[in-house]
Amino acid sequence: MSTNNSVLVLKVGGALLQCEMGMARLMDTAAAMLANGQQVLMVHGGGCLVDEQLAANGMETVKLEGLRVTPPEQMPIIAGALAGTSNKILQGAATKAGIVSVGMSLADGNTVSAKIKDERLGLVGEVTPNDGTYLKFILAQGWMPICSSIAMMDEGQMLNVNADQAATALAKLVGGKLVLLSDVSGVLDGKGQLIHSLNGKQIADLVKQGVIEKGMKVKVEAALEVAQWMGQAVQVASWRDASQLIALAKGEAVGTQIQP
Ligand SMILES: Nc1ncnc2c1ncn2[C@@H]1O[C@H](COP(=O)(O)OP(=O)(O)O)[C@@H](O)[C@H]1O
Ligand SMILES: CC(=O)N[C@@H](CCC(=O)OP(=O)(O)O)C(=O)O
């Protein structure tokens, strides 16, 4: 199992929350890493849970290039689903695996600065790293922060941030190694085959061809931003795949490497 001084920033997509076995396996992997002295920061989405909660409240889901248009009347439901239900489901799985965790959001500890991303998206936030004091304190205890992607502007307005972009800001803040875990084994080509490595030019071409779209477009662009910032590859892999988790724990390359 690998240990290095850098924090491992593990972003998990929302579909994980609907898979008890996947959560247990992932948390067991994280517990082993923590026991080995590896600091782990978990960042989570919950898009499917938001979809369900909006539908249950008779509200429509609209997305623009993978980002959820967030009208003010949807914000309480979205914040409830992400900072509430999703965060606590994951905390439960972490606790069961023997991990001491701290459930938090982007709004805690002045961790990031947040502003409205694009008026057309409503209350969708764009976040930049701000103050790592709170995160570093939690990590130094050997505890695992579990961070939702709800942020807050200075005037107190809640914002909905795409969770891959939330992970980007946090990875930059702690200078961490970012791994984006989704429900697919990595970035797939037009025939559904795993692409092992991608650079910025190849990403742009695949986006242009429509092979990389929606949530994966947001994800690879977030990954590329961190890869270039850190000068090291960012991995896009799957929480579903037990062998990928084992390889990840050994510090091996898994899924798709997004190259700087
Ligand atoms: N080229 C691609 N390779 C893999 N997945 C893709 C690709 N293009 C689009 N997708 C879609 O992106 C999804 C992953 O993005 P998203 O749903 O946002 O994941 P998460 O919730 O894990 O962040 C996949 O399940 C797939 O439907
Ligand atoms: C602005 C925006 O799109 N926010 C996302 C936040 C959750 C998320 O990103 O969840 P996944 O990681 O499961 O996709 C949303 O409302 O769905």
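The values are calculated or read from the model by the stated rules, or taken from the named source; none is laboratory data. As the structure is a computational prediction, the values presented were derived from the model and not from experiment. Note that we place each Cβ from the backbone using ideal geometry, even for glycine, and neighbour counts take in every protein chain shown. All accessible areas refer to the heavy atoms of the entire protein, side chains included, with ligands and DNA or RNA removed. Shrake-Rupley method; radii C 1.70, N 1.55, O 1.52, S 1.80 Å.
Sort the chain into rounded, prolate or oblate with this rule: let a ≥ b ≥ c be the square roots of the eigenvalues of the Cα gyration tensor; rounded if a/c is under 1.5, and if a/c is not under 1.5, prolate when a/b is larger than b/c, oblate otherwise. List each step's numbers first, then the result.
Numbers: a/c = 1.37, a/b = 1.09, b/c = 1.25.
Cα axes put the chain in the rounded bin.
Report, for the chain, the % of DSSP beta bridges that are antiparallel, rounded to 5.
Values: 14 of 39 bridges.
Here the share of antiparallel DSSP bridges comes out near 35 percent.
Can you work out the FRET efficiency for the pair K208 and W229, with r the C-beta to C-beta distance and R0 = 35 Å, to the nearest 0.05? Working shown, then result.
Working: r = 24 Å, r/R0 = 0.68.
Efficiency computed from Cβ-Cβ geometry: 0.90.
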Original post:
Under 20 Å Cα-Cα from K250, which lysines qualify once same-chain neighbours fewer than 8 residues away are excluded?
Top reply: K11, K177
Subject >> Amide H within-cut-off set for S105, under 5 Å, with H built and near neighbours excluded >> reply: S148
Original post:
What shape does the stretch 115-260 have by the C-alpha gyration tensor, where a ≥ b ≥ c are the square roots of the eigenvalues, rounded means a/c under 1.5, and otherwise prolate means a/b greater than b/c and oblate the rest?
Top reply: oblate
**OP:** Select from P129, P145, P72 the residue whose mean-square fluctuation is largest in a Gaussian network model of the chain (Cα-Cα springs shorter than 10 Å).
**Re:** P72
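Suppose all protein chains stay in the model; what accessible area per residue would a 1.4 Å probe give for the stretch 8-258, in Å²?
Values: 10550 Å² over 251 residues.
Solvent-accessible surface per residue comes out at 42 Å².
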Original post:
Across all directions of projection, what mean area in square nanometres is found for the Cα convex hull of the stretch 144-220?
Top reply: 6.8 nm²
**OP:** Mind giving me the nanometre distance, one decimal, between the label points for S243 and N110, set 7 Å out from Cα along Cα→Cβ?
**Re:** 4.9 nm
Original post:
So which aspartates and glutamates can K115 reach, going by Cα to Cα under 14 Å and dropping same-chain residues fewer than 8 places off?
Top reply: E126, D154, E155
**OP:** Classify the stretch 207-260 as rounded, prolate or oblate from the Cα gyration tensor: take a ≥ b ≥ c as the square roots of its eigenvalues, call it rounded if a/c is under 1.5, otherwise prolate when a/b beats b/c and oblate if not.
**Re:** oblate
Original post:
What nm value, rounded to one decimal, do you get for the distance between V100 and S197 when each label is placed 7 Å out toward the C-beta?
Top reply: 4.1 nm
**OP:** For the chain, give the percent of accessible area contributed by carbon and sulfur heavy atoms, probe 1.4 Å, rounded to a whole number.
**Re:** 51 percent
Subject >> For the stretch 206-221, Karplus couplings with θ = phi - 60° (6.51, -1.76, 1.60), whole Hz, Gly/Pro x >> reply: 5, 5, 4, 6, x, 7, 9, 9, 6, x, 6, 5, 4, 5, 5, 5
Original post:
Taking θ as phi - 60°, what are the ³J(HN,Hα) couplings along the stretch 120-125 by the Karplus curve (6.51, -1.76, 1.60), each to the nearest whole Hz, with x for Gly and Pro?
Top reply: 5, 8, x, 8, 9, x
Original post:
Based on the mean of other beta carbon atoms within 10 Å per residue, what is the order of 54-61, 147-154, 77-84, most packed first?
Top reply: 147-154, 77-84, 54-61
**OP:** Determine ³J(HN,Hα), in whole Hz, for all residues of the stretch 180-197 in sequence, where each value follows from phi through the Karplus function 6.51 cos²θ - 1.76 cosθ + 1.60 and θ = phi - 60°; x replaces Gly and Pro.
**Re:** 9, 9, 10, 9, 10, 5, x, 7, 9, 7, x, 9, x, 8, 5, 9, 7, 8
Original post:
Which cross-chain or sequence-distant (5 or more) residues have an amide H under 5 Å from the amide H of V9, H modelled 1.01 Å from N in plane?
Top reply: L41, K177, L178, V179
Original post:
Amide H to amide H, which residues 5 or more places from S113 or on other chains are under 5 Å from it, using H placed in the peptide plane?
Top reply: T128, N130
Subject >> Spin-label pair N36/T61, simplified geometry with 7 Å Cα→Cβ offset, distance in nm >> reply: 3.5 nm
